[in-house]
Amino acid sequence: MIADSGRLLLVEDDLTLGKMVDDFLTGHGYRVRWESNGLRALGLIDSETFDALILDIGLPGMDGIQICRSVRDSFGGPIIMLTARGDEIDEVVCLEVGADDYITKPVRPRALLARLKVHLRRGDPQAHQTESSRLEIEGLVVDSTSRTVRLKTESGEENILNVTTAEFDLLLFLMQRAGEVVGRSEIYEQIQGIGYDGVDRSIDLRVSRLRKKLEDDPSNPKRIKSVRGVGYIFAVES
């Protein structure tokens, strides 16, 4: 008997692709609810419980971008978007509205499964029990138990920042390696759980989003700095 891996909502109006993904994930222990209409999917998210959402962008009724934007503040699980291959605008918009990840079409089921496992594992509180609970660097506080990010003001108050699961893990990883240059390949393998293909820009896009949320000037960042041709460094005062 295959162990129960979690309950998923797959929203895809391509019948061939939807059946292929449904069958594959079901065969790996997931309970999949497959819906082809965006508005009906939104109703399901409001009325039922899912561990993760897999949303196509182009849908009748309501597109995947609109669904993600509508539920991101209330849905705590990972959201993975299915995008057209090479469409950088779609990829940027997906992350801007709070998606945790995106998979380009044609969808490779094993790649989707690998990404899904990584994101669900991150959301499991038991997976973080042995991690240091609180990390603070120059007014930026990350708590790995509550999975929260706080930014201290000049008055000493802590403002909670709204970050996605993937953004949280990227920030935590960079802060754990503060003062050290970390290559894109290492970051990608740590955050995505699979090897870097040299093309995917999701890490760069997440860094850009984090800078905005951390009020870090993108033209002259003080916290997350780019190291040209290598990767990034979370800077600390010497």
Table column - 3J(HN,Hα) (Hz), the range 88-93, Karplus curve with 6.51, -1.76, 1.60, x for Gly and Pro | 5, 4, 4, 5, 5, 4
Mind ranking 151-159, 57-65, 226-234 by how tightly packed they are, going by the mean number of other C-beta atoms within 10 angstrom, highest first?
-> 57-65, 226-234, 151-159
Take the Cα atoms of the range 27-92, find their three principal axes, and give me the spread along each one in whole Å, biggest first.
-> 31, 27, 22
Percent of Cα-Cα distances greater than 22 Å, calculated over the chain | 54 percent
Restricting to aspartates and glutamates and to Cα separations under 16 Å from residue 19, and discarding same-chain partners fewer than 8 apart, the set is 35, 56
With 0.36 nm assigned to each residue of separation and the Cα-Cα distance removed, residue 31 to residue 215 gains 62.2 nm
Mean separation of Cα contacts under 8 Å (at least 6 apart) over the residue count of the chain, i.e. the relative contact order in percent, is 12 percent
The answer for residue 101, listing residues at least 5 apart or on another chain whose modeled amide H is closer than 5 Å to its amide H, is 79, 81
R0 of 30 Å, Cβ-Cβ distance residue 4-residue 111: FRET efficiency to nearest 0.05 = 0.85
Within 10 Å of each residue's Cβ, count the other Cβ atoms and sort 14, 73 from fewest upward.
-> 73, 14
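Which FRET efficiency value, to the nearest 0.05, do you get for residue 151 and residue 225 by plugging their Cβ-Cβ distance into 1/(1 + (r/R0)^6) with R0 = 22 Å?
Between residue 151 and residue 225 the formula returns 0.80.
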Which of the lysines could be linked to residue 213 by a straight reach, that is with a Cα gap under 17 Å, when you skip same-chain ones fewer than 8 residues away?
-> 152, 222, 225
Could you run the Karplus curve 6.51 cos²θ - 1.76 cosθ + 1.60 with θ = phi - 60° over the range 150-160 and give me ³J(HN,Hα) per residue in whole Hz, x for Gly and Pro?
-> 10, 10, 6, 8, 4, 7, x, 6, 10, 8, 7
Aspartates and glutamates within cross-link reach of residue 117: Cα-Cα under 14 Å, excluding same-chain residues under 8 positions apart?
-> 4, 51, 100, 101, 189
Expected 222 nm ellipticity per residue - DSSP helices of 4 or more, -39500 (n - 2.57), all of the chain, to 500 = -11000 deg cm²/dmol
For the chain, what is the percent of antiparallel DSSP beta bridges, rounded to the nearest 5?
-> 50 percent
On Cα atoms only, tilt of 38-47 relative to the major axis of the chain in degrees | 70 degrees
Under 5 Å, built H, 5+ apart or other chain: amide partners of residue 6 = 31
Equivalent ellipsoid semi-axes - Cα gyration tensor, the range 6-123, angstrom | 17, 16, 15
Computed lengthening from residue 69 to residue 189, 0.36 nm per intervening residue step minus Cα-Cα distance = 40.5 nm
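Only the coordinates and a few stated rules stand behind these numbers; no lab work does. This one's a predicted model, so the numbers in the text were calculated from it and none came from an experiment. Note: ideal-geometry Cβ built from the backbone for every residue, glycine included; neighbour counts use all protein chains shown.
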